[in-house]
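Q: Quick one: this structure, given as structure tokens, is what I'll be asking you about.
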Amino acid sequence: MTIAFKNIPSNLRVPLFYAELDNSKANTGATTQRALIIGQMTASGTGTANTPQISQGATEAKSIGGQGSMLALMTAAYRAADPFGEVWYLPLADDPSAIAATGTVAITAAPTANGTLNLYIAGQRVTLAVLSTQTTAQIATALAAAINAVGDLPVTAAATTTTVTLTAKNKGLAGNDIDIRLNYRGAAGGETTPTGMTTTITAMSGGATNPTLTTGLANLLDQPFDFIVLPYTDSTSLDAIKSFLSSTTGRWSWSKQIYGHAFAAYRGTLGALTTFGTGRNDEHVSVMGFNDSPSPAWIWAADVAGTSASALRADPARPLQTLALSTVLAPPLASRFALTDRNTLLWDGISTFTVAQDGTVAIENLITTYQLNSFGQADNSYLEVETLFTLAYVLRQLQSVVTSKYSRMKLAADGTRFAPGSAIVTPGIIKADLIAQYQTLEYNGFVQKSTQFAQGLIVQQNSQNPNRVDVLYPGVLIDQLRIFALLMQFSLS
């Protein structure tokens, strides 16, 4: 029997004991599944634009991104859902030509009784005690001061006579999604406008020009990030991330094998969401659709990504349905989508959620925007996000086996006679190893139908390059229980 030493020379004559290590059968390691939060900094942020850096938590994010910045608020939302995973930032500076969104709160009538004003900005509550003796101008001045006292808000405030003008701290389109409203929790939650007092709210608008992602994404080089929080849903940004993760030339391609998935969110009516969803077709991006929530779309994206990451790290094939989000505020009852509406969204590339009696938001079905194949025909092969993460897991397991066991092997044709223990492998040996590995994956709950797999598996030497092995790997991924349909065929006594 020949033993294939890699390092100990065969011509040694000096006694006595020599040992080398062979880890080819010991590798049980797993990759670190990092998250990447893409977000804008304010002028006070200390991060370097377009340069990735590791996160040390939500508190540090206020320094890196600036207090109240998109980056800081997204990090807080992500960390509330995924407190343990490794997180990195990709800080972005406002585009030089960008415009900041603005909105107003006008105090149109003073209160006739003392009370408390409950103003929600981007889902955060600002409270202000008001007196019947105050004028509208005094209330406006006090409200602006109260808003500016909350450093984690994504806006600054300035009072002019009876009107408070809010300006987004970060310039760009994302500022238009900063919601302004009174009394989100209503009278049942102890929130009512003081008697006699009236206000007029003008929604945030006018924000324009998001930062360009191209440079920042290029600076990631080959660093792996499985969970990418994308704050933007403009076509330019979505096209950039589509190219970045592409199965042909991007991170999912044969030449890179880095993988990763982007999570975004979009605010709109049913019609707006279906129009948006049918206009996208990307298996590596998921978009959560919602309407009339106080929480901005970029906070929804961070919360969905963090919640998904915690579960997918534990088991990439287990369905994400019913997982509760940590930060976002649910839309009011009248603004929630009915079952038929949500089913429509799920046919149009938009993910859905449910809301419990206590207002807790939970993932219902997190899908990708992929709907059509290259011929424009309906294709559900990449519909579910779990499919992509299970594929990445299986491929990484296979890569681990191949690179651990066959890194320095000679290749012989099937039927070749060679001494046991030689550093030689044949297509038949590789095939047996792949079947054994598949059975392990099946036992652990990631694939199924191992007998069918073994019958369909092809491992052969390439006819033109004898140093190459070609493999047809007919894996059958495990499914998820999503629908339980029951016919109650009852009888009466």
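Q: Starting from the range 355-377, take each residue that is under 19 Å from residue 308 (Cα atoms) and list its partners that are aromatic (Phe, Trp, Tyr) and modelled with pLDDT of 95 or more, counting only C-beta distances under 7 angstrom and pairs at least six apart or across chains.
A: 361/353; 362/353; 363/353; 364/353; 368/382; 370/382
Q: From the list 121, 99, 107, 147, pick out the single residue that is of a type in the set (A, V, I, L, M, F, W, C), under 29 Å from the mean Cα position of the chain (by Cα) and under 17 Å from residue 202 (Cα atoms).
A: Within the list 121, 99, 107, 147, the selection yields 121.
Q: Of 271, 277, which residue is at pLDDT 95 or above and within 18 Å of the chain's Cα centre (by Cα)?
A: Going through 271, 277 in turn, the sole match is 277.
Q: Residues being among the charged types (D, E, K, R) and either in contact with a His (Cβ under 9 Å, 6 or more places away or on another chain) or part of a helix (DSSP H, G or I) (or both): count how many of those fall in the range 401-439.
A: 3
Q: Now for a separate question. Kindly check whether there is at least one residue in the range 391-405 that is touching a residue at least 12 places away in the same chain (Cβ under 8 Å) and under 23 Å from residue 177 (Cα atoms).
A: No; the residues of the range 391-405 include none that is touching a residue at least 12 places away in the same chain (Cβ under 8 Å) and under 23 Å from residue 177 (Cα atoms).
Q: Let me ask something additional. Does the range 314-325 hold any residues that are crowded, with 20+ Cβ neighbours inside 10 Å and either touching a Lys or Arg at 6+ places or on another chain (Cβ under 6 Å) or not aliphatic (A, V, I, L, M) (or both), and which are they?
A: The answer is 316, and nothing else.
Q: Residue 431 fails exactly one of the following numbered conditions: (1) modelled with pLDDT under 95; (2) more than 20 Å from residue 224 (Cα to Cα); (3) surrounded by 13 or more Cβ atoms within 10 Å (Cβ to Cβ). What is the number of that condition?
A: Going through (1) modelled with pLDDT under 95; (2) more than 20 Å from residue 224 (Cα to Cα); (3) surrounded by 13 or more Cβ atoms within 10 Å (Cβ to Cβ) one by one, residue 431 breaks only (1).
Q: Further question: Can you tell which of 172, 123 is out of contact with any strand residue (DSSP E or B) (no Cβ under 6 Å at 6 or more places or on another chain), crowded, with 19+ Cβ neighbours inside 10 Å, assigned by TED's automatic domain parsing to the domain that holds residue 187 and closer than 24 Å to residue 193 by Cβ?
A: After applying the criteria, what remains is 123.
Q: May I pose another question? Free of Cβ contacts under 8 Å to residues at least 60 places away in the same chain, surrounded by 12 or more Cβ atoms within 10 Å (Cβ to Cβ) and touching a Ser or Thr at 6+ places or on another chain (Cβ under 9 Å), is that true of residue 387?
A: For residue 387, the condition - free of Cβ contacts under 8 Å to residues at least 60 places away in the same chain, surrounded by 12 or more Cβ atoms within 10 Å (Cβ to Cβ) and touching a Ser or Thr at 6+ places or on another chain (Cβ under 9 Å) - is not met.
Q: Now for a separate question. Which members of the range 216-236 meet the condition of being under 26 Å from residue 272 (Cβ atoms) and surrounded by fewer than 22 Cβ atoms within 10 Å (Cβ to Cβ)?
A: 234, 235, 236
Q: When the range 464-493 is examined, which residues are found to be in a loop (DSSP other than H, G, I, E, B) and charged (D, E, K, R)?
A: 468, 479, 482
Q: Whether any residue in the range 183-196 is surrounded by 15 or more Cβ atoms within 10 Å (Cβ to Cβ), out of contact with any Phe, Trp or Tyr (no Cβ under 7 Å at 6 or more places or on another chain) and of a type in the set (A, V, I, L, M) is what I want to check.
A: No, every residue in the range 183-196 fails to be surrounded by 15 or more Cβ atoms within 10 Å (Cβ to Cβ), out of contact with any Phe, Trp or Tyr (no Cβ under 7 Å at 6 or more places or on another chain) and of a type in the set (A, V, I, L, M).
Q: Name the one entry in 294, 319 that is more than 24 Å from residue 247 (Cβ to Cβ) and more than 12 Å from the chain's Cα centre (by Cα).
A: 294
The values are calculated or read from the model by the stated rules, or taken from the named source; none is laboratory data. Bear in mind that the values here come from a model prediction, so they are computed numbers and not experimental data. Please note: Cβ atoms are built from the backbone with ideal geometry, for glycine as well, and neighbour counts cover all protein chains shown.
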